[in-house]
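One structure is given below, encoded as structure tokens.
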Amino acid sequence: MSGQSDAMPSDITAGSATRDPYVLGHPSGAGKKGSGDQLATGHGEGGPASKFVTVTYGFWIFLLSDIIMFSGFFASYAVLANATNGGPTGKQLFDLTRVAIQTGLLLTSTFTAGLASLALERRSVIGTQAWLLVTGVLGALFLLLEGQEFITMIGDDAGPARSAFLSAFFALVGCHGLHVGLGILWLGTMMAQLWVKGFRADILRRLHCFSLFWHALDIIWVAIFSLVYLLGASQ
Amino acid sequence: MTDDTASSDASRDTHDTAPGEETIARNEPAAGLPGYLLGYGLASLLTVASFIAARTGLIYQPAVISALVVLALAQIGVHLVFFLHLTSGPDNTNNILALAFGVLIVALVVLGSVWIMGHLDQNMPRMKPQQLALLTLCPAGTLRLASAVNRPAACR
């Protein structure tokens, strides 16, 4: 049997690596015991994971714990959304035009962050820096609109102290805004590090973690604009 | 690579994928620039659909919340696949399992809070009118709770 499969590849191996990228068909070592598993990924057979994988995986765990922290804010908002204490409701306060612009800005910035990581893969300094800059500017515009919204609301006697609903609203949306602000700071330091140190392995790891962070922020914003703004304004 | 671990990385597993990395998905539609464009387009479409669902009378009002939740989940899925490059491949098993655990905790926290607090809201008796009157008569923070129910002049 082993000789036969060496000479005549099975149907699975016919498409080569492009059709079987994970080498699940074990084409090369069909007769030799265990040799096929060495190429199959995710089994720990290829030795310990590289530093790029372990660092990024650690950051992935951090992002998930961050999202769990946000779920606490979401839960308190969901519970307190109707506790307006006779004060203004979301329907009266939320300006959906601004929210639509904010959503467009953040979605576009997550797209340009993706373009920056594509330029990073090509090792293009100019492309990476330019797309990172666009990402940061879009994020800053987003923050500007959010700050404008908060100032308007506080000026209209709808600050976080007005009702439990507004406390929960400012805590949730403000926490996301804080994350965006910290992300912009991180982005600036990454641009400076890339400028000075070039495409070093540690810089590549940090940039990859940053792009994960930025995509995760947009995922949280999806939940905020749907379940806070749109739901609040439609009720 | 000038990193000090570069030499030891040579002996390491080169077939594993970091979260968000798209080395193996290169032959799939979600890879490269077309993948990002596709994700951007789908996410924009779902965003517009969410705004339409909430702003127009297209959807029966009590069902708007379901529509918004479904559209948000769909968009989160688009982000995970096209921007974070999650796949069902074996090299992504660890990332998927960590994500699944995070989703479990998020669901427990959010749905559990809404469920429990909804029941508390239904089952706790409303405040009696005289209790409410006390709360509004006394200046903030001067109510003596122990005697508040019985005596009208319960302010400090």
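The values are calculated or read from the model by the stated rules, or taken from the named source; none is laboratory data. Because the structure is predicted, anything quoted here is derived from the model rather than measured. Quick reminder, even Gly has a Cβ in these numbers, built from the backbone with ideal geometry, and neighbours come from all protein chains shown. Note: areas computed on protein heavy atoms with side chains; ligands, DNA, RNA excluded. Shrake-Rupley method; radii C 1.70, N 1.55, O 1.52, S 1.80 Å.
Chain B packed on chain A takes about 5100 Å² of accessible surface away from a 1.4 Å probe, both sides summed. Accessible surface of the stretch A:128-235, 1.4 Å probe: 73 percent of it comes from carbon and sulfur atoms. Per-residue shielding of A:64-73, expressed as the average number of other chain Cβ atoms within 10 Å of the residue Cβ, stands at 5.
Ratio of Rg to Rh for the stretch A:122-235: 1.09 [Cα atoms; Kirkwood radius as inverse mean 1/r over pairs].
Using per-residue counts of other Cβ atoms within 10 Å, averaged over each peptide, order B:62-70, A:222-230 from highest down.
So the peptides B:62-70, A:222-230, ranked by packing, come out A:222-230, B:62-70.
Carbon-plus-sulfur accessible fraction, the stretch B:20-87 (probe radius 1.4 Å, protein heavy atoms only): 75%.
With every protein chain present, what is the per residue accessible area of the stretch B:20-87 (1.4 Å probe, Å²)?
Working: 3250 Å² over 68 residues.
Heavy-atom accessible area per residue stands at 48 Å².
Rolling a 1.4 angstrom probe over the protein heavy atoms with all chains in place gives the stretch A:134-222 an accessible area of 38 Å² per residue.
Can you give the FRET efficiency to the nearest 0.05 for B:VAL103 and A:ARG123, using r as the Cβ-Cβ distance and R₀ = 41 Å?
Numbers: r = 35 Å, r/R0 = 0.86.
Working from the Cβ atoms, E equals 0.70.
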